[in-house]
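Report on the structure given below.
The values are calculated or read from the model by the stated rules, or taken from the named source; none is laboratory data. In this text the structure is predicted, and so the values were computed from the model without any measurement. Every residue, glycine among them, receives a Cβ derived from its backbone with ideal geometry; neighbour counts consider all protein chains shown.
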Protein chains: 2
Amino acid sequence: MTKKKTSKTSALHEQPGISEPDALNTDALHNIKKRRQNNPTAEALIEGILAQDISALSRAITLIESTNPAHSEKASTVIKGCLPHANNSIRIGITGVPGVGKSTFIETFGKHLIDEGKQIAVLAVDPSSGLSKGSILGDKTRMEDLVKTENAFIRPSPSGDSLGGVARKTRETIILCEAAGYDTIIIETVGVGQSEIAVHSMVDFFLLLKLAGAGDELQGIKRGIIEMADAIVINKADGENVKAAKAAKLEFNRALHLYPEKASGWSPKTAICSALKNEGISEIYDMILDYLDTVKANNFFEHNRNEQNTFWLKQTIEEQLKSRFYNQPQLEDELQKQIQLIKDGETTPFAAADYLLSLHSL
Amino acid sequence: MTKKKTSKTSALHEQPGISEPDALNTDALHNIKKRRQNNPTAEALIEGILAQDISALSRAITLIESTNPAHSEKASTVIKGCLPHANNSIRIGITGVPGVGKSTFIETFGKHLIDEGKQIAVLAVDPSSGLSKGSILGDKTRMEDLVKTENAFIRPSPSGDSLGGVARKTRETIILCEAAGYDTIIIETVGVGQSEIAVHSMVDFFLLLKLAGAGDELQGIKRGIIEMADAIVINKADGENVKAAKAAKLEFNRALHLYPEKASGWSPKTAICSALKNEGISEIYDMILDYLDTVKANNFFEHNRNEQNTFWLKQTIEEQLKSRFYNQPQLEDELQKQIQLIKDGETTPFAAADYLLSLHSL
């Protein structure tokens, strides 16, 4: 019995150690298995995506996210088939530290967009979610209303062992979502680590959510993020918080003026809102529309997307070159030996690099 | 006659097109040539450097700076021989935009150090100087007094086609200078481009020189540089400028407090000085001594040097990997083709990267 159980890896079976009820309907089981095994071709998936079939879209994204090498060729075919129908959305990045109210903001903001006739896809980039089992968007119940809306598609962050891998999966998912007719892509990320840079490099508009805090608003903030922001929005500006939120808005406004002009020609704006009470949300969307008017008129919009493509091309090449080099057998040992020799004053970093590079033809 | 001239490539001969005087003393010419051809061995150079022979030091640095591949093995031997005698100096980086008075500051600061019994070497990192023929330290006459001092060694920025190459030559020159007994190494760089990051990664203390300007002191400044600075010094604080310099000092002080605490445990300081009138210079040196007390006590000094070594090791490896890849024959053509295909919506940056990486085994 135990042996039999371990061979049952389907999710339809219970966890090992938990006894299986006898009353399973074997006919139903057979049907479910059969449907699951029904493995649509790449062409069928493309057709489904273009026909806005959510289930085809979801399956194709699962292919992209798969680490099974056998899936990657099929995923490439699907992406290629979707490419001519992509690139026609607005991509909005949203970041902020945990607790700032990102989920509530996206829920309220998303519903506003849908009321405006938009079809939205909500994705996430969170390289840590593979470990923490989905720290953002993982719990869809936090977006209860949005998840029930027909015109919204929500997908948690793919897991992955490198930010580059997670970012690639998300960028490819954007293509599929656009081909499926979603005209507004919202990409959420957490305000820690390098993931903002990745998200900033895949969106048209980058929005930083903040809370009004006690004391100096700028203390300890990662300046890199402020520099990337097209808008800083103080959330939870309701009740007694309104006054502090307005003060924080002023301070951020002053800070933004210290930064050099952006290549986009857009001066980053500040705003306050209460996502919970749906206050200030439509003003934020209007601001984004203003931004789009500006950058489409001065051609930054297209220029930026081309630059982003070149960035990801070179980024992928360079990440791969490094990964190929450092993953060579014995390389780590040799590297540590050289680092020790440098510490001991027996070699220089440059001579050590020359030596390590000479070890392998790669 | 014309034919004969073109074969004379020695600097002892005049430029082609300018007729050569008949009165050349052929004996003297022979002697000069003989001395020039006297090619000391690596061992002789090491011995000379350790004996504080300036001419041996200069010749060894010329070997390091040479682009002749035949010289690089000899240079490596000299560096290796000097290594056990290196690493025993204080390395100070000085940056600031052109016009801020770097040369005057280094002259006055350097003389103060020599009065304190120090032996100083002044180097520079300026990747642009290869083109502009030495925009910094190139004209030693700007440091008239220092250049005449026995305990000061001044060497302009090496030329090079990449910052990495220039930085490597400077780092290797530091080793030689330290082995020659210079206990304080000053490395100058200009406040533009990536060269500050390179210099910051090879010094113990990083000093940013500024001028008091009209209006907002922070406007347009590259924040990355402020973040790296251990001290911001407002120069030219004399006469009518003193008031503005004090105001600028205050403003920078306020700005510095917005930054997160440094790994060194040192809170960056601000100061004013007039290098021209030798005012405030000894206070700056005292500040650097304070810094050294702090970071030697908390072990950041050694930790930082180890980190810098690992940085240069990895930096060199990664630069080489990229350079090997992008310098492959035809790669640039293929890259441009892929970028066009991405623009045309025929491929993704990731598929293009995979393709380019598959083209070559390297």
Among the residues of segment B:336-356, are any in the same structural domain as B:Ile232 (by TED's automatic domain parsing) and not in a helix (DSSP H, G or I)? no
For segment A:139-188, enumerate the residues that are touching a residue at least 12 places away in the same chain (Cβ under 8 Å), in a helix (DSSP H, G or I) and of a type in the set (Lys, Arg). A:Lys140, A:Arg142, A:Arg168, A:Lys169, A:Arg171
Any residue in segment B:224-242 that is of a type outside the set (Ser, Thr, Tyr) sitting within a Cβ distance under 6 Å of a residue that is surrounded by fewer than 16 Cβ atoms within 10 Å (Cβ to Cβ) and modelled with pLDDT of 90 or more? List the pairs, counting only those 6 or more apart or interchain. B:Asp238/B:Lys277
How about segment B:86-108: which of its residues are farther than 30 Å from A:Ile342 by Cβ and in a helix (DSSP H, G or I)? B:Lys102, B:Ser103, B:Thr104, B:Phe105, B:Glu107, B:Thr108
In segment B:157-206, which residues are small (Gly, Ala, Ser) and in contact with a Phe, Trp or Tyr (Cβ under 7 Å, 6 or more places away or on another chain)? B:Ser201
Filter segment B:249-264 for residues that are under 26 Å from the mean Cα position of the chain (by Cα) and part of a loop (DSSP other than H, G, I, E, B); which is nearest to the other protein chains (Cβ to nearest Cβ)? B:Lys262
Counting only residues that are touching a Leu at 6+ places or on another chain (Cβ under 9 Å) and touching a residue at least 24 places away in the same chain (Cβ under 8 Å), which one in segment A:288-318 is farthest from the other protein chains (Cβ to nearest Cβ)? A:Ile288
Restricting to segment A:48-66, and then to whatever is polar (S, T, N, Q) and out of contact with any Ser or Thr (no Cβ under 9 Å at 6 or more places or on another chain), can you tell me which residue is nearest to the other protein chains (Cβ to nearest Cβ)? A:Thr62
Being of a type in the set (A, V, I, L, M) and assigned by TED's automatic domain parsing to the domain that holds A:Ile232 narrows it down to one of A:Ile54, A:Ile49, A:Ile106, A:Ile79, so name that one. A:Ile106
With the structure loaded, tell me whether B:Lys277 is charged (D, E, K, R) and away from chain A (no Cβ under 12 Å) or whether it fails that test. yes
Condition check: more than 30 Å from B:Gly164 (Cβ to Cβ) and assigned to a loop (DSSP other than H, G, I, E, B). Does A:Lys277 satisfy that? yes
Can you tell me which residues in segment B:319-345 are in contact with a Leu (Cβ under 8 Å, 6 or more places away or on another chain) and among the acidic types (Asp, Glu)? B:Glu334
